[in-house]
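Let me begin by presenting the structure, written as structure tokens, before commenting on it.
The values are calculated or read from the model by the stated rules, or taken from the named source; none is laboratory data. Values in this document were obtained by computation on a predicted structure and should not be read as measured data. Cβ atoms come from the backbone with ideal geometry, glycine included; neighbour counts cover every protein chain shown.
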2 protein chains.
Amino acid sequence: MSDRKWFTEFEGPGHGRTLRIDEVLVDVTTPFQKLKIFENESVGRVMLLDDAVMLTQRDEHIYHEMLVHPALLAHPEPKDVLVVGGGDGGTLREVVKHPSVVRAVQCEIDVEVMSYSREFLPFTACGMDHPKAEVVVGDAIEYIRGHQDSFDVVIVDSTDPVGFAEGLFRGPFYDDVKRSLRAGGVMVQQTESPLFERVWWNRIYDELHQSFTNVHCYWAVIPMYPGSFWTFGFASMDRDPWGAFDEARGAKVPDLKYYSPKMQQAAFVLPRWAHRQVSLSQEEGGG
Amino acid sequence: MSDRKWFTEFEGPGHGRTLRIDEVLVDVTTPFQKLKIFENESVGRVMLLDDAVMLTQRDEHIYHEMLVHPALLAHPEPKDVLVVGGGDGGTLREVVKHPSVVRAVQCEIDVEVMSYSREFLPFTACGMDHPKAEVVVGDAIEYIRGHQDSFDVVIVDSTDPVGFAEGLFRGPFYDDVKRSLRAGGVMVQQTESPLFERVWWNRIYDELHQSFTNVHCYWAVIPMYPGSFWTFGFASMDRDPWGAFDEARGAKVPDLKYYSPKMQQAAFVLPRWAHRQVSLSQEEGGG
């Protein structure tokens, strides 16, 4: 064991999470980012992008279930869904579980994330092979500008708001998302953790509030992400998380390990320290 | 920085959480355990017992608030409260916030935990100096046998269920707790994480169910604990978490950073993977 390497993702200058690299499966630099996939005894396959944990086999279900189902259940009949990023396929895997979904488009800029996921992360990549799934390789910022009034739900499943993904956390992109949504449409986005990235986090919610009328934050515990307390932003012009929420419909979503309709309600209750940093409308969003 | 040491608490053979030791404040072996307190730039003071993180200044509020307030708010008028263990004082600090509490006894076996906490962890140790607080140095297992029908709430704030604390997670102790409770009394206990200590966790809930009629599990995210998903066991012969729950009373508890009455309700909703391992009555406990 002593000759094995360890990977540590720092959450701040003095602390982090450490994972033993039992076997390196992929270690490449794509035109967009560094991509690494390795095997770990405890958490299975691990994918890093630019040295940040994107997923582990052990807890990716929490992230993907909680990113997808609250938005799809807030909409009474989501038919066309766009996934921005999401190259590992896990988000698509959850989207296609909803019977109303006719077409789930994934627009991912980095084709190598998709191809290596197909090879080494079949448990998420299976989403890309579903008959309802459609995979587009390209820049989602451009794609979404060409698709106005086209989607019921837009799911932003991106890397951290630095580098080439930063534009996905900014007002101009949010305004484009707004135009790509049909009436009653919903956007949901992974929005990092307020615990150790407070500045980013505040800025994201400030910009969401500037572009959308209804903005709500919800959360899940994702042990292998920095801080383990992870948030998601629900945003819409004309829909809140609860008006169309149907517990019976939620109970029929198959193959879930974390999500339940009751968990959807619980997830909108934030710790007080997350309340203080968001607007009043946010605080009233508790389930 | 390169000459500084790091402490890693392993959650399994291949992963853990790592903290930089910026300054060692205490490093002793008491008659019961190894005790270490150090300073870390990001999370403040850190206390280890037998090389396990007991608290960090940054997130101890989550543990202490969520250990104490759900049980005290489930009881309509808690007057006499016993804290088993809890030598850092943080649990007492939360207990004495409730106006109905007349007397909060802390029975801690290791006097050195208390004295070093007073010196280096004043933010929790302040609980021991409150006029309602009474500190007993001794074995809680013996103490509780001598105090039948004496408490409205018993809070078990112990180390992990190995070594000298193991007896605090076993049926004979639970039966003693039952006898020490008045009618309508409640026990609450920190019950580890099911994520990486499934065998312990299952056994704890099996034994709780054997001793008590009403057993419910709830949880909080505690970033610096192993797995970050941490559970608490609520146990009673004749009370459930909701019959006496008064949201207005809960809203009056002062100086909270994580807990809120809505969070108390949300916390009883478990991820599905935690449901499967507990009894049906547990699953029905969702708020």
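Values computed for the structure shown
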quantity: Region A:188-218: number of residues that are closer than 14 Å to A:Phe234 by Cβ and either touching a residue at least 60 places away in the same chain (Cβ under 8 Å) or outside the structural domain of A:His147 (by TED's automatic domain parsing) (or both); calculated: 9
quantity: Residues within region B:255-271 that are of a type outside the set (Lys, Arg), assigned to a loop (DSSP other than H, G, I, E, B) and either more than 19 Å from the chain's Cα centre (by Cα) or facing another protein chain (nearest Cβ under 7 Å) (or both), tallied; calculated: 5
quantity: Of the criteria (1) surrounded by fewer than 17 Cβ atoms within 10 Å (Cβ to Cβ); (2) away from every other protein chain (no Cβ under 14 Å), which one B:Asp80 fails; calculated: (1)
quantity: Scope region B:1-47; condition surrounded by fewer than 21 Cβ atoms within 10 Å (Cβ to Cβ) and among the aliphatic types (A, V, I, L, M); matching residues; calculated: B:Met1, B:Ile21, B:Val24, B:Leu25, B:Val26, B:Val28
quantity: Residue check, A:Lys97 surrounded by fewer than 23 Cβ atoms within 10 Å (Cβ to Cβ), modelled with pLDDT of 95 or more and under 28 Å from A:Lys262 (Cβ atoms); calculated: yes
quantity: Identity of the residue in region B:1-34, under 27 Å from B:Met114 (Cβ atoms) and aromatic (Phe, Trp, Tyr), that ends up nearest to the other protein chains (Cβ to nearest Cβ); calculated: B:Phe7
quantity: Verdict on B:Glu39 being in contact with a helix residue (DSSP H, G or I) (Cβ under 6 Å, 6 or more places away or on another chain), modelled with pLDDT of 95 or more and within 14 Å of chain A (Cβ to nearest Cβ); calculated: no
quantity: Test: residue in region A:228-245 that is in a strand (DSSP E or B), without any contact (Cβ under 8 Å) to a residue 60 or more places away in the chain and within 14 Å of another protein chain (Cβ to nearest Cβ); calculated: yes
quantity: B:Thr159 being of a type in the set (S, T, N, Q), within 14 Å of chain A (Cβ to nearest Cβ) and in contact (Cβ under 8 Å) with a residue 12 or more places away in the chain; calculated: no
quantity: Test result for B:Gln106, in contact with a Ser or Thr (Cβ under 8 Å, 6 or more places away or on another chain), of a type in the set (S, T, N, Q) and touching a residue at least 12 places away in the same chain (Cβ under 8 Å); calculated: yes
quantity: Which listed residue, of A:Ile155, A:Ile144, is within 12 Å of A:Gly86 (Cα to Cα) and modelled with pLDDT of 95 or more; calculated: A:Ile155
quantity: In region B:194-224, residue nearest to the other protein chains (Cβ to nearest Cβ) [restricted to those that are part of a loop (DSSP other than H, G, I, E, B), within 23 Å of B:Glu9 (Cβ to Cβ) and modelled with pLDDT of 95 or more]; calculated: B:Pro223
quantity: Residue check for B:Met47: assigned by TED's automatic domain parsing to the domain that holds B:Thr30, under 17 Å from the mean Cα position of the chain (by Cα) and farther than 19 Å from B:Tyr258 by Cα; calculated: yes
quantity: Subset of region A:3-22 [at pLDDT 95 or above and either assigned to a loop (DSSP other than H, G, I, E, B) or touching a helix residue (DSSP H, G or I) at 6+ places or on another chain (Cβ under 9 Å) (or both)]; calculated: A:Asp22
